[in-house]
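A short worksheet on the structure shown next.
The values are calculated or read from the model by the stated rules, or taken from the named source; none is laboratory data. Bear in mind that the values here come from a model prediction, so they are computed numbers and not experimental data. No Cβ is skipped: glycine too gets one built from the backbone with ideal geometry, and neighbour counts run over all protein chains shown.
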Amino acid sequence: MERSEVARYWEANADTWTRHVRAGHDIYRDALNTPSFLAMLPPIAGLSGLDIGCGEGTNTRQLARLGARVHGVDIAPTFIRHAQAAEAVEPLGIVFQTGDGHALPFEDCSFDFATAFMSLMDMPDQGRALSEAFRVLRPGGFLQFAILHPCFVPPHRKVLRDEAGRAWAIEVGGYFDAIDGRVDRWWFETLSAEERKKDAPFLTPRFHRTLSGWVEMIVQAGFVIERFLEPRASEALAAAQPVVADTRVGPLALLVRARKPGPPVPAS
């Protein structure tokens, strides 16, 4: 699938996606993935950062609240419009602009760090996107990103539940299949039947790679891998937010931090 077609899908999703996530329907993001991502993040106060695939900007704003000077880029203009509108209401000094992760509109060595919250997996050429992130980072800078876990969310994934509805296993298949643009049709799990009558499902192109494939791409881009994290809901969180309870059986996301060789960039 060509990058232009991927962009059309995400532009078509952007208005509904923004409305639903801002209404609190992305439980995985808000309750588990983003808190885990931020807890893993090194100190960034005083650093310049780039959020790649920023969407409507909620996570980008979290970075700015930690004291970073942040740019956000996304391939869908409507996402950028919503992000800029939020910035106008509550300015945090963020610059949002339309941009393609495969060809970032910045000079070499422009940023101290880069992030990608669940966006690199949606790009058809992840190796090129990783190389672009490496290019715009200063020596010693880091990239931290989250993706669907290649091992536990391959092309086929099904949560197996007991009679009481409790998750007890994850059924997976097609792990070694190279998926290049299969379009998945879905809603957020918490969206009611009535809401699903009003809004069409998201159509999202899928580009699955194996775990070893991701490691190879990261290393080929020039990065040194520092850390992996597989977010798991606590018992208390699983009880409060049953949507994420399956992560106590197997992770939904994989978080990675990788560094461009050089002296670490000091945070102020």
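In this entry, Pro105 is excluded by the filter for residues that are under 15 Å from Glu11 (Cβ atoms), surrounded by fewer than 18 Cβ atoms within 10 Å (Cβ to Cβ) and not small (Gly, Ala, Ser).
Return yes when Gly181 is within 20 Å of Ala14 (Cα to Cα), surrounded by fewer than 20 Cβ atoms within 10 Å (Cβ to Cβ) and in contact (Cβ under 8 Å) with a residue 60 or more places away in the chain and no when it is not. Taking the combined requirement at face value, the residue satisfies it. Considering only region 58-89, how many residues are more than 18 Å from Phe111 (Cβ to Cβ), of a type in the set (Ser, Thr, Tyr) and either crowded, with 24+ Cβ neighbours inside 10 Å or more than 16 Å from the chain's Cα centre (by Cα) (or both)? Going through region 58-89 one residue at a time, the tally reaches 1.
Those residues that are closer than 30 Å to Glu235 by Cα and in a helix (DSSP H, G or I), I need them from region 4-31; list them, please.
Within region 4-31, Trp17, Thr18, Arg19, His20, Val21, Arg22, Ile27, Tyr28, Arg29, Asp30, Ala31 qualify.
All told, Glu171 falls short of being at pLDDT below 95 and loosely packed, with under 12 Cβ neighbours inside 10 Å. Where helices (runs of 4 or more DSSP H) fall entirely within region 180-268, those with at least 3 residues that are modelled with pLDDT of 95 or more are at 211-221, 235-240.
Residues satisfying the criterion are present in region 131-138 (criterion: hydroxyl-bearing (Ser, Thr, Tyr), out of contact with any Asp or Glu (no Cβ under 7 Å at 6 or more places or on another chain) and either touching a residue at least 12 places away in the same chain (Cβ under 8 Å) or more than 23 Å from Val183 (Cβ to Cβ) (or both)).
Testing Trp168 on (1) touching a residue at least 24 places away in the same chain (Cβ under 8 Å); (2) touching a His at 6+ places or on another chain (Cβ under 7 Å), one condition comes back false. Which one is that? Trp168 satisfies every listed condition except (2).
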